[in-house]
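What follows is a short report on a single structure.
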Amino acid sequence: MVNISAYRSLISELNEKNVRLVAVSKLKTPSDILAIYREGHRHFGENYVQEMVEKQQQLPADIEWHFIGHLQTNKVRYIAPFVSMIQSVDSFKLLGEIQKQAAKNNRIIDVLLQVYVGDEDTKYGMDEKETLELLEYYDAQRAHFTHVQIRGLMGMASFVNDMGMVRREFDRMRQLFQVLRAQFFIGIDTFDTLSMGMSSDYALAIGEGSNMVRIGSTIFGNR
Ligand SMILES: *Cc1c(COP(=O)(O)O)cnc(C)c1O
């Protein structure tokens, strides 16, 4: 069930801290989304291509859709006509396909590189070395990337109860963000987004420098 009062206290807390909220609506209905839309909210996050496409067709056109799930290269074309930001870029090949499909649609698509800094190898995203390699390829072919804008990093902490460990992982992501900005985005002020934090750990993430949180269950209830 949608919890409007939880949304209201969350959004006022986040506005005060200049942190953008992406309301994660995966597996929730269009009417749930509309309830939050009517509060004035416009940024929604989805994990599955077909579900996002269906909702986009049914809901107001001024919603800014963030894709936050694993994205297969062959599905980029379905979301390229409308997606605002793809937060889950985890390969150079995917970045190239986003460039291609964005160009076809005459759009510039914002993206985040999905990173992980924990030891778990099960998670999607790139480790620090892979992220660096992607940006080196990108840097060597910058003129090619006319329709994609790399805005920053997205990351999730390990699913552990050890909050000290979660904090250290967020801290490492922030350090990586700063190192990459200094190495590849000097004087490019659009590399500005660090998307970290979900319902259970967003306060910790903001403490470690996050300026975008992706929150689902606090707003929409359990899935
Ligand atoms: C589902 C999801 C979220 C939201 O998680 P909640 O715990 O419901 O707040 C955030 N980020 C990603 C990548 C997700 O898949």
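Could you please let me know if Val179 is more than 15 Å from the ligand (Cβ to nearest atom), under 16 Å from His66 (Cα atoms) and of a type outside the set (Lys, Arg)?
So Val179 fails the test.
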**Prompt:** So is Ala143 surrounded by fewer than 15 Cβ atoms within 10 Å (Cβ to Cβ), at pLDDT 95 or above and either of a type in the set (Gly, Ala, Ser) or within 16 Å of the ligand (Cβ to nearest atom) (or both) or not?
**Reply:** yes
**Message:** I need the full set of residues from segment 192-220 which are more than 9 Å from the ligand (Cβ to nearest atom) and surrounded by 18 or more Cβ atoms within 10 Å (Cβ to Cβ), in order please.
**Reply:** Thr193, Leu194, Met196, Leu204, Ala205, Ile206, Glu208, Ser210, Asn211, Met212
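Yes/no per residue for (1) modelled with pLDDT of 95 or more; (2) crowded, with 21+ Cβ neighbours inside 10 Å; (3) among the hydroxyl-bearing types (Ser, Thr, Tyr):
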| position | (1), (2), (3) |
| --- | --- |
| Pro81 | yes, no, no |
| Lys93 | yes, no, no |
| Asp119 | no, no, no |
| Glu130 | yes, no, no |
| Tyr137 | yes, no, yes |
**Prompt:** Of the residues Val53, Val19, which is closer than 27 Å to Ser5 by Cα, modelled with pLDDT of 95 or more and not charged (D, E, K, R)?
**Reply:** Val19
**Asked** Can you tell me how many residues in segment 170-196 are closer than 21 Å to Arg214 by Cα and modelled with pLDDT under 95?
**Response** 0
**Item:** Residue tally, condition in contact (Cβ under 8 Å) with a residue 60 or more places away in the chain and of a type outside the set (A, V, I, L, M, F, W, C), over segment 1-14
**Value:** 2
**Fill in**
Apart from one, (1) more than 12 Å from the ligand (Cβ to nearest atom); (2) in contact (Cβ under 8 Å) with a residue 40 or more places away in the chain; (3) within 21 Å of Glu130 (Cα to Cα); (4) crowded, with 17+ Cβ neighbours inside 10 Å all hold for Ile36; the odd one out is (3)
**Request:** Consider Lys55 carefully, then state whether it is over 17 Å from the mean Cα position of the chain (by Cα) and within 12 Å of the ligand (Cβ to nearest atom).
**Result:** no
**Item:** Pairs with Cβ under 6 Å, 6+ apart, first in segment 15-30 and farther than 12 Å from Ile206 by Cβ, second in a loop (DSSP other than H, G, I, E, B) and hydrophobic (A, V, I, L, M, F, W, C)
**Value:** Pro30/Leu59
**Request:** Restricting attention to segment 1-31, report how many residues are farther than 11 Å from Ile219 by Cα, crowded, with 16+ Cβ neighbours inside 10 Å and of a type in the set (Val, Ile, Thr).
**Result:** 1
**Prompt:** Condition test on Ser158, is it more than 13 Å from the ligand (Cβ to nearest atom) and either of a type in the set (Ser, Thr, Tyr) or closer than 28 Å to Lys93 by Cβ (or both)?
**Reply:** yes
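The values are calculated or read from the model by the stated rules, or taken from the named source; none is laboratory data. Quick caveat, the model's predicted, so the values are computed rather than measured. Please note: Cβ atoms are built from the backbone with ideal geometry, for glycine as well, and neighbour counts cover all protein chains shown.
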